[in-house]
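The values are calculated or read from the model by the stated rules, or taken from the named source; none is laboratory data. This one's a predicted model, so the numbers in the text were calculated from it and none came from an experiment. Cβ coordinates were reconstructed from backbone atoms using ideal geometry, including for glycine residues, and neighbour counts include every protein chain displayed.
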Amino acid sequence: MTKVTIKLRRKVDNYYVTAHRTQLCAGKLFRRYKDMRKTLLLALAATLMLAACAAPPSGTPAQTQSSATTPQASTSSQSPAPVSSQTPETDTSTKPDTELTADQTPTPSMPLKVDVFWYTFADTYLSSVRNAMEQQLASLPTINATQHDCQEDQARQTEMVASAIAQGSRLIVVNLVTTGSEEAAMNIVNLAKSADIPIIFFNREISDAVVNSYDKCVFVGTDADEAGYKQGEAVAEFLLSGSNLSKYDLDGDGEIKYILFRGEHGCAESFGRYLFSVRNANELLAGNAKLVPSHANETSNLYNDDGISNYFLYGNWSAANATELMRTALTAFSLTDGSIELILAGNDDMAIGAIEAMNEVGFNTGAAGAGYIPVFGVDATPVACEAITAGRMTATVLQDGPGMAECIIAFALNIASGGDVKDPLDDYPTDSGVDKIRIPFVIIR
């Protein structure tokens, strides 16, 4: 693939993401929400006018509530106290938020109860998704979302989902703890199915069979392999730029020796990122150079003997793990003799961890004249983007956290406006034969 083609692909990717997110913001779901809000405001105004007309004559005593200025749903079985002429009378028949039934349309005073379950609050990328989700939800009164930290415990997550459903949740959104576990995913689907409520899995891949097992189940995620292809593209483009190939092939043998920091075993995102990163880079570098595993990697027998899959350092998504692994590698291998010439990491946390260990020996500090090993990550976290700007890291691949949050909220808004959970599917790229939405990746340099 030529440099021109690579640049064209990048422009297309950037255009697609911009157009996609613009479509969401301007799409039919938000128009429905705004129309519904306008209707509610008009109804509220009419109620206030009627209440004013029905106020007692001047001089007639009237009991007032000390602080009420807006309608409140009563949770008491007793008759409500009279209210002032400025406050509409409380409707004692209105149920609390948690008792919204499936046939009721959510309103600001009785919003859709949504429960979101995160495999952990500690994950950097998922924190960006959660923060974006909370910011967007702050302006959406028809949705009442509760965020749950499952602390990397699948049994805990399943119990929390069951409890939320028992307490009246009308939409379950799940970032599965045990990624790749069909049993864990099906247990949660069956809980939602028994309550006849929709469920959205996100980020951590689940099987097509799980999604297709329930007509109110969808998945919002990314194409795990695409992240690898994009990272490989970033590597090839960097090495083919200017004199970089000769500069970073430290021993001049035509081979770029890399350390690969691998994510969680059994995770589709992890597997796709490292396998296709190396494969795609080598396809694009053909005739110029080749990526080969450094001897600083550990050798495994867990995967196919394809020359890539069994050579890695097992960082398990953790910056701290990557720092220790890189620090250990540097006790036996050099950054100056061609033993280690490039770093590939399955996420930005591990990339930053490796950089921190190299900082200890004077590499990748961002200072003028300091040694430098190219480092590539995935996620485009703020820390990684800052490191790229500071000259400490080479590139990352954007996994669009705000875009993922917007997509999930689009489904919730559609449900809140009386639609079906799957109505927004036409607005997104989906897999063939299964309701899985893929948020695209983009290279960040």
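Observations on the structure shown:
- If you filter the range 238-259 down to residues that are of a type in the set (A, V, I, L, M) and either crowded, with 23+ Cβ neighbours inside 10 Å or under 26 Å from Trp317 (Cβ atoms) (or both), you find that the one that is farthest from the chain's Cα centre (by Cα) is Ile256.
- Verdict on Glu233 being among the charged types (D, E, K, R), surrounded by 16 or more Cβ atoms within 10 Å (Cβ to Cβ) and touching a helix residue (DSSP H, G or I) at 6+ places or on another chain (Cβ under 9 Å): yes
- Evaluation of Asn310 against (1) at pLDDT below 95; (2) more than 29 Å from the chain's Cα centre (by Cα); (3) polar (S, T, N, Q) (one fails), failing number: (2)
- Of everything listed in (1) touching a residue at least 60 places away in the same chain (Cβ under 8 Å); (2) assigned to a loop (DSSP other than H, G, I, E, B), the single unmet condition for Leu302 is (1).
- Criterion violated by Asn310 - all others in (1) touching a residue at least 12 places away in the same chain (Cβ under 8 Å); (2) crowded, with 16+ Cβ neighbours inside 10 Å; (3) over 27 Å from Phe202 (Cβ atoms); (4) not β-branched (Val, Ile, Thr) satisfied: (1)
- Restricted to the range 153-204, and to residues there that are β-branched (Val, Ile, Thr) and at pLDDT below 95, the residue that is farthest from Lys436 (Cα to Cα) is Thr178.
- Residues that are at pLDDT 95 or above and either within 17 Å of Asn316 (Cβ to Cβ) or charged (D, E, K, R) (or both), drawn from the range 263-297: Arg279, Glu283, Lys290, Asn297
- Scope the range 157-178; condition farther than 17 Å from Thr146 by Cβ and either aromatic (Phe, Trp, Tyr) or crowded, with 21+ Cβ neighbours inside 10 Å (or both); matching residues: Leu176, Val177
- Where a residue in the range 228-253 is at pLDDT 95 or above and its partner, wherever it lies, is acidic (Asp, Glu), with Cβ under 6 Å and at least six apart: Tyr248/Glu341; Leu250/Glu341
- Qualifying residue in the range 308-323 (condition: over 24 Å from Tyr125 (Cβ atoms), of a type outside the set (Gly, Ala, Ser) and not in a helix (DSSP H, G or I)): yes
- Some residue of the range 381-395 being crowded, with 16+ Cβ neighbours inside 10 Å, at pLDDT below 95 and among the hydroxyl-bearing types (Ser, Thr, Tyr): yes
- Single condition His148 does not satisfy, out of (1) in contact with a His (Cβ under 6 Å, 6 or more places away or on another chain); (2) in a strand (DSSP E or B): (1)
- Subset of the range 260-269 [in a helix (DSSP H, G or I) and either charged (D, E, K, R) or buried (at least 24 other Cβ atoms within 10 Å of the Cβ) (or both)]: Glu269
- Of all residues making up the range 362-371, the number that are surrounded by fewer than 19 Cβ atoms within 10 Å (Cβ to Cβ) and either of a type outside the set (Gly, Ala, Ser) or in contact (Cβ under 8 Å) with a residue 40 or more places away in the chain (or both): 1
- Residues of the range 404-435 satisfying the condition of being crowded, with 22+ Cβ neighbours inside 10 Å and under 22 Å from Arg273 (Cβ atoms): Met404, Ala405, Cys407
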